[in-house]
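Notes for the one structure printed next.
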Amino acid sequence: MKYYIWTAGCQMNMADSQRVASELEKMGYRHSDSYREADVIVLNTCVVRQSAEDKATGFLWSLKPHKESNPNKVLALMGCMVGVKGGKKLTRTFPHVDVFMPPSEPGPLVDFLVARQTEEAELTRRYRLQDEDLSLVLPLHEKNNLVTAHVPIIYGCNHVCTYCIIPARRGIERSRPVGEIAAEVQSLVAQGVREVTLLGQIVDRYGYDVPDGPRLPDLLRVLNDIDGLHRIRFLTSHPNYMNDRLLDAVTELPKVCEHIEVPNQAGDDLVLDRMKREYTMAQYYALIRRVRERMPEVSIATDIIVGFPGETEAQFQRTLDTLAELKLDVVHVAMYSPRPGTVSGKIMADDVPPEEKKRRLDAVNDLQEGIVAEINAGLLGRTLEVLVEEKQRGRWRGRTRTNKLVFFEDNSDKDWRGELVDLEITWTGPWSLRGSLPGQQPLVPDDQPLMISLAVG
Ligand code: SAH
């Protein structure tokens, strides 16, 4: 019996899909790359922008004939399209869907499969035996192959950024207990994982929903002690919770990487206020300064929305000016998309025309490409620690502590996967670097940029 999982959207969805895969593996199902040969098909959806929602509905409709000619297959719809409320309306729109699963909840699918197959006593028995098993089981093909994994630490979001649909779909904040997270990380390490990225919509809010609960710095200290784990990252942070205790933990703990993802969203105070981001540009600048003072090598990623309702040319220019001044390492930029149920979607006119949004998007991307090319050029000739993730078209690929992608070649047949290796950087471009092992010349001259697709979400 096989399962196929399609995942759209953010890293949280990737982690949620991993959790679903784990539950299915425990029940005896095996991974498949093709929905045609799968008995269980899961669509894990994103609705953060209209384009993401369109992609999910498009795929869902395209599966209708397949499901109709294979009625025994199980089709499950998961994620933010369903939402915490369970998407009752969707049952009418998509009658070919068997199960609806809220974000981060494999339960409904597991229950459905168990109930449907009670006559298959073996399956039920096997699953019931492990009912209390919270461990995360990687699919067979990923065991000892997967170097990096995502681990949710806080679900939901209590903020009300006016553009954002996520709080409505993922519910209020719920932090996972430290012990549960540590056990999950330990089980991942036992299966070959060497780096974990801790996830939350606002990850630096970890523990705030529990009175006197442990906070993110405390969790980082616990995880830093796990043997066999090389690196820890976390995302996404909100500027208002990046306090000194957290920055101290990042600075002091050797496994926690100097890489911060802290969305700015807009470079203008009035726009920020209308977005209800609850900080000013002066505060955002001060935060970046504080982070860089402590960690001169830090890399910083941000999110930007262009074309928010009412955003004038002058206000947009302030976003460009901010990016030009701050010179951040990564900018995920998106065109504003009005979402149902959000404050901006309800009461603010989507008045920046699509072609103007696109122009602003391109302007940000063009500016950023130059900035990151320059930042990366500064790394030429440096020796950097790289965690090797996999071999791709004859080259090994990995990442620096600052999350920069590095390719290198090795003519021996050593398996570098999961190893930390010091590489001398021999070529840099905006989207990747190349390095060589100590004492080895690159096999091919480093003149061709590699094409890499960047996931933005
Ligand atoms: N919780 C994170 C990320 C939320 S979603 C945070 O604190 O910001 C990821 C990104 O999608 C956001 O940072 C934002 O830049 C973008 N986004 C969210 N809603 C959007 C919308 N309605 N239109 C366009 N972009 C949006």
Once you put a point 7 Å from the Cα of Ala286 and another 7 Å from the Cα of Ser135, both along the Cβ direction, what distance in nm separates them? 4.8 nm
Computing the accessible area with a 1.4 Å probe over protein heavy atoms, can you report the carbon and sulfur percentage for the chain? 52 percent
Straight-line reach from Lys88: which lysines fall under 17 Å, measuring Cα to Cα and dropping same-chain residues less than 8 apart? none
Burial-style ranking of 303-315, 281-293, 255-267, average other-beta-carbon count within 10 Å with highest first, yields 255-267, 303-315, 281-293
Neighbourhood net charge (15 Å Cβ-Cβ; Lys/Arg +1, Asp/Glu -1) for His31: 0
Just want to confirm a number: the relative contact order over the chain, from Cα pairs under 8 angstrom separated by 6+ residues, in percent. 11 percent
Solvent-accessible area per residue for segment 2-128 at a 1.4 Å probe radius, Å²? 44 Å²
For segment 355-428: accessible area per residue (Å², 1.4 Å): 48 Å²
Residues other than Asp362 with Cβ under 12 Å of its Cβ, Lys/Arg counted +1 and Asp/Glu -1, net out at 0
Ranked from highest to lowest mean number of other Cβ atoms within 10 Å per residue, what is the order of the peptides 407-420, 234-247, 177-190? 234-247, 177-190, 407-420
Give me the extension gain from Asp422 to Thr312: residue separation times 0.36 nm, minus the current Cα-Cα distance, reported in nm with one decimal. 34.9 nm
The summed charge of the Pro103 Cβ neighbourhood (under 12 Å; Lys/Arg +1, Asp/Glu -1) stands at +3
To the nearest Å², the heavy-atom accessible area per residue of segment 189-292 with 1.4 Å probe amounts to 36 Å²
Cβ-Cβ FRET estimate between Asp212 and Ser69, R0 fixed at 51 Å, reported to 0.05: 0.35
Starting from the Cα-Cα distance between Lys414 and Val343, subtract it from 0.36 nm times their residue separation and give me the gain in nm to one decimal. 20.1 nm
Evaluate E = 1/(1 + (r/R0)^6) for Ala324 and Asp111, where r is the Cβ-Cβ distance and R0 equals 56 Å; express this FRET efficiency to the nearest 0.05. 0.60
Rounded to whole angstrom, the alpha-carbon centroid of segment 317-383 lies from that of segment 137-175 at a distance of 24 Å
Val222 to Ala183: extension gain in nm, 0.36 nm per residue of separation minus the Cα-Cα distance? 13.0 nm
Could you rank the peptides 6-14, 220-228 by their average count of other C-beta atoms within 10 Å per residue, with the highest value first? 6-14, 220-228
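The values are calculated or read from the model by the stated rules, or taken from the named source; none is laboratory data. Predicted model only: the values in this text are computed from it and were never measured. Quick reminder, even Gly has a Cβ in these numbers, built from the backbone with ideal geometry, and neighbours come from all protein chains shown. When the accessible area is computed, the model is the full protein with side chains, heavy atoms only, and any ligands, DNA or RNA have been set aside. Shrake-Rupley method; radii C 1.70, N 1.55, O 1.52, S 1.80 Å.
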